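S.K.: Here's a structure for you.
The values are calculated or read from the model by the stated rules, or taken from the named source; none is laboratory data. Only a predicted model underlies this, so the values are computations on that prediction, with no experimental measurement involved. No Cβ is skipped: glycine too gets one built from the backbone with ideal geometry, and neighbour counts run over all protein chains shown. Side chains are part of the model used for accessible areas, which takes the heavy atoms of the whole protein and leaves out ligands, DNA and RNA. Shrake-Rupley method; radii C 1.70, N 1.55, O 1.52, S 1.80 Å.
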Amino acid sequence: MAVIPNQIVGAFQEHFKTEAVPDVYRAPGRVNLIGEHTDYNLGYVFPIALEMSCYVAILPAAHGQLRIYSSDWNEEFSTLAEGIGSARPVERWSDYVVGVASELAHAGVPSTGADLWIGSNVPVGSGLSSSAALEVSTALALLGGQPFEPLQLARLAQRAESQFVGMPCGIMDQYASVFGQEHSAIQIDCRSLEHEYVPIPDDLRIVAVNSMVKHELGTSAYRERVAECQEAVAALRKTDESIQSLRDVSLAFFERVQESVPLVPRKRARHVISDTQRVLDLAAASRAGDLIEMGRLFIASHRSMQYDYEISCEEIDFLVDTAIKLPGVYGSRVTGGGFGGCTVNLVAPEHVEAFQTALTEAYVARYATRPIFYDCVPAAGAGRVS
Ligand code: ADP
Ligand code: MG
């Protein structure tokens, strides 16, 4: 890791043809362990921040522009720093950066001219949140050390994505990127926006497996699910007017009154309410070091997403069903938005190698595609790289 800042500084200097030394900021991607699509229902989520991160190097410049270079896209985008608060999206990757600058301007931190170099090792579009990593690292870079409440930082980055870029998303990704902690998962209460760190057992490896598929259902299905959850809330309010969101509905209450909810919203609600409970159960099992119970909750969560929330797909189900039959695998489930992307697996350390070999063989035989494996070590949240 120590060499990375130097490489970034060197790459910055080469690209912008300068010898001046930029400041470098880092923000991590994340993998969510359980509690999926619960964030916009104000329930709990349970992500870990990853070592895989987005890095932004920044240097103030007299030209009055924000010159933004993504080394991953090998593209540069420039826009006037003054008046960035009224910028409009142009449907490119740069929207994530300009969106953050624009939201910062609205929050009383206007941009001045600067050169930004971006490089990330978070896989893009795989459900490990390269977008939040980009937003949060950009926000820190533009702030340049000015104090800013961490929670406000996460919310600002989320607004950049949901309002400026126009990608509907909850608060989890940006929150995890800001608040990550080594050795720990972050239990986030998406209603109060408070969190608690939960230690992850040492004798466990968390392995994300990239299916290498992304079905183009993602955004439209997301909006559909949001609407179906609202429909469920509206139906449940007929029994209890105090219900504001699915977070206000206990599993016991839901089971009693579920017949009053139309079938599809009922299934969506059942997933959200049960997965919110599974966050609390997984946290308890993790604290107790009960790997078997953690695995059981993983599989229950996957089935819930497969049959009730209906956001899995054939390739992902194949990865899960194959993984859970392998020695040393406690549990496996889809993570992130769904319809492809990654599964997340709980594996005994001594079995990780054989797990990867067996899963690769099976997946290649079936889909002629090699999955990619990511070792997910819980890492610290965003900050300046010294
Ligand atoms: P995920 O967050 O799961 O990786 P998203 O679709 O939410 O997937 O975000 C991916 C988008 O974020 C990319 O298409 C691109 O627009 C932007 N992005 C992420 N990382 C970078 C990067 N290093 N350089 C430029 N754009 C990036
Ligand atoms: Mg994203």
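S.K.: If you check VAL352, VAL347, which single one turns out to be touching a residue at least 40 places away in the same chain (Cβ under 8 Å), over 19 Å from LEU128 (Cα atoms) and buried (at least 17 other Cβ atoms within 10 Å of the Cβ)?
M.R.: Details: VAL347 fails: over 19 Å from LEU128 (Cα atoms).
Result: VAL352 is the single residue among VAL352, VAL347 that is touching a residue at least 40 places away in the same chain (Cβ under 8 Å), over 19 Å from LEU128 (Cα atoms) and buried (at least 17 other Cβ atoms within 10 Å of the Cβ).
S.K.: Given the condition under 28 Å from ASN210 (Cβ atoms) and more than 10 Å from ligand 1 (Cβ to nearest atom), answer yes or no: does some residue in the stretch 92-104 qualify?
M.R.: Going through the stretch 92-104, the residues under 28 Å from ASN210 (Cβ atoms) turn out to be 92-97, 99-100.
Now restrict to residues that are more than 10 Å from ligand 1 (Cβ to nearest atom): 99-100.
Scanning the stretch 92-104, I find at least one residue that is under 28 Å from ASN210 (Cβ atoms) and more than 10 Å from ligand 1 (Cβ to nearest atom), so the answer is yes.
S.K.: Within the stretch 89-118, how many residues are in a strand (DSSP E or B) and open to solvent by less than 10 Å² (accessible area, probe 1.4 Å)?
M.R.: Count: 3.
S.K.: Is it true that ILE243 is open to solvent by less than 40 Å² (accessible area, probe 1.4 Å) and either without any contact (Cβ under 8 Å) to a residue 12 or more places away in the chain or in the same structural domain as GLY35 (by TED's automatic domain parsing) (or both)? Walk me through it before giving the result.
M.R.: Details: open to solvent by less than 40 Å² (accessible area, probe 1.4 Å): yes; either without any contact (Cβ under 8 Å) to a residue 12 or more places away in the chain or in the same structural domain as GLY35 (by TED's automatic domain parsing) (or both): yes.
Yes; evaluated as a whole, the condition is true for this residue.
S.K.: Tally the residues that are acidic (Asp, Glu) and within 12 Å of ligand 1 (Cβ to nearest atom), restricting the search to the stretch 141-181.
M.R.: Step one: filter the stretch 141-181 for residues acidic (Asp, Glu), giving 149, 161, 173.
Applying the additional criterion that residues be within 12 Å of ligand 1 (Cβ to nearest atom) yields 161, 173.
Looking only at that region, the number is 2.
S.K.: Within the stretch 355-379, track down each residue that is more than 16 Å from ligand 2 (Cβ to nearest atom) and open to solvent by less than 40 Å² (accessible area, probe 1.4 Å).
M.R.: Scanning the stretch 355-379 gives PHE355, ALA358, LEU359, THR360, ALA362, TYR363, PRO371, CYS376, PRO378, ALA379.
S.K.: Which members of the stretch 119-131 meet the condition of being among the hydroxyl-bearing types (Ser, Thr, Tyr) and open to solvent by less than 20 Å² (accessible area, probe 1.4 Å)? Let's see the steps before the verdict.
M.R.: Looking only at the stretch 119-131, we keep the residues that are among the hydroxyl-bearing types (Ser, Thr, Tyr), and these are 120, 126, 129-131.
Of everything in the stretch 119-131, those that are among the hydroxyl-bearing types (Ser, Thr, Tyr) and open to solvent by less than 20 Å² (accessible area, probe 1.4 Å) turn out to be SER126, SER129.
S.K.: While we're here: Test LEU140 against the stated conditions and say whether it is touching a Lys or Arg at 6+ places or on another chain (Cβ under 8 Å), in contact (Cβ under 8 Å) with a residue 40 or more places away in the chain and over 30 Å from SER211 (Cα atoms).
M.R.: Criteria met by LEU140.
S.K.: Let me ask something else. Which ones in the stretch 110-131 are of a type in the set (Ser, Thr, Tyr) and near ligand 1 (Cβ under 9 Å from one of its atoms)?
M.R.: Matches in the stretch 110-131: SER120, SER126, SER129, SER130, SER131.
S.K.: Further question: From GLU196, GLU228, GLU182, GLU216, which residue is more than 23 Å from ARG287 (Cβ to Cβ) and open to solvent by 60 Å² or more (accessible area, probe 1.4 Å)?
M.R.: GLU216
S.K.: For the stretch 168-192, which positions are out of contact with any Asp or Glu (no Cβ under 9 Å at 6 or more places or on another chain), more than 16 Å from ligand 2 (Cβ to nearest atom) and among the hydrophobic types (A, V, I, L, M, F, W, C)?
M.R.: PHE179, ALA185
S.K.: Can you find even one residue in the stretch 332-339 that is in contact with a Lys or Arg (Cβ under 8 Å, 6 or more places away or on another chain), in a strand (DSSP E or B) and at pLDDT below 95?
M.R.: no
S.K.: Moving to a separate point now. Quick one: in the stretch 132-158, of everything that is among the polar types (S, T, N, Q) and surrounded by fewer than 24 Cβ atoms within 10 Å (Cβ to Cβ), which residue is farthest from THR79 (Cα to Cα)?
M.R.: My answer is GLN152.
S.K.: How about the stretch 348-386: which of its residues are assigned to a strand (DSSP E or B) and among the aliphatic types (A, V, I, L, M)?
M.R.: Just the residues of the stretch 348-386 that are assigned to a strand (DSSP E or B), to begin with: 372-375, 383-385.
Those that are assigned to a strand (DSSP E or B) and among the aliphatic types (A, V, I, L, M): ILE372, VAL385.
S.K.: At pLDDT 95 or above, among the aromatic types (Phe, Trp, Tyr), part of a strand (DSSP E or B) and assigned by TED's automatic domain parsing to the domain that holds ALA154, is that true of TYR55?
M.R.: Criteria met by TYR55.
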